[in-house]
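To keep things clear, I will list the structure first and then write my remarks on it.
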Amino acid sequence: QRLKAAVHYTAGCLCQAVEEDKEMQFSKQTIAAIAEITFRQCEIFAKDLEMFARHAKRSTINTEDVKLLARRSSSLLKYITQKSEELASSNMEQKEKKKKKSSATKGERPPGEQETAMTENEDSSMS
């Protein structure tokens, strides 16, 4: 019920923005109809996504499922693909930062620095 109310509120906000931009009016019934259709379509999307994952013998919905759902809208598919790639590269950067941070915390040195440290130790032991 709260989710349905949130969809209705959002539909109202979007209609208000269109009203201001296009100088037109939406009746309360029209906004309610848009909200109801949107909510029902989201329910259909959720079931489809669940079925896509289940068909692939997975219990988790992934980005490929979402792309499959959006395949009929080329602009939406393009947008989702772009955002997916951005998220993937961002995740890779975060993993690299964590890896560097954890190795620095443990007192480990990156491979290049380890060689330098070994050479310095060898030099001091030879003297």
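Quick check on Val18: is it in a helix (DSSP H, G or I) and in the same structural domain as Ser84 (by the TED database)? No: the conditions fail for Val18. Which of the residues belonging to the stretch 44-97 are of a type in the set (D, E, K, R) and outside any helix (DSSP H, G or I)? Selection gives Lys57, Arg58, Arg71, Arg72. Applying a threshold of 9 Å to beta carbon distances and a minimum spacing of six or more residues, or different chains, the list of pairs starting in the stretch 22-43 at a residue that is over 14 Å from Ala6 (Cβ atoms) and open to solvent by less than 100 Å² (accessible area, probe 1.4 Å) and ending at one that is in a helix (DSSP H, G or I) and acidic (Asp, Glu) reads Phe26/Glu19. Which ones in the stretch 1-16 are hydrophobic (A, V, I, L, M, F, W, C) and either in contact with a helix residue (DSSP H, G or I) (Cβ under 8 Å, 6 or more places away or on another chain) or open to solvent by 70 Å² or more (accessible area, probe 1.4 Å) (or both)? Listed by number, the residues that qualify are Leu3, Val7, Ala11, Leu14, Cys15.
Of all residues in the stretch 44-65 being among the aliphatic types (A, V, I, L, M) and either touching a residue at least 12 places away in the same chain (Cβ under 8 Å) or under 29 Å from Cys15 (Cα atoms) (or both), which is surrounded by the most Cβ atoms within 10 Å (Cβ to Cβ)? The selected residue is Ile61.
The values are calculated or read from the model by the stated rules, or taken from the named source; none is laboratory data. Values in this document were obtained by computation on a predicted structure and should not be read as measured data. Neighbour counts run over all protein chains shown; Cβ positions are idealised from the backbone, glycine included. To get the accessible areas, we keep the full protein, side chains included, count just its heavy atoms, and leave off ligands, DNA and RNA. Shrake-Rupley method; radii C 1.70, N 1.55, O 1.52, S 1.80 Å.
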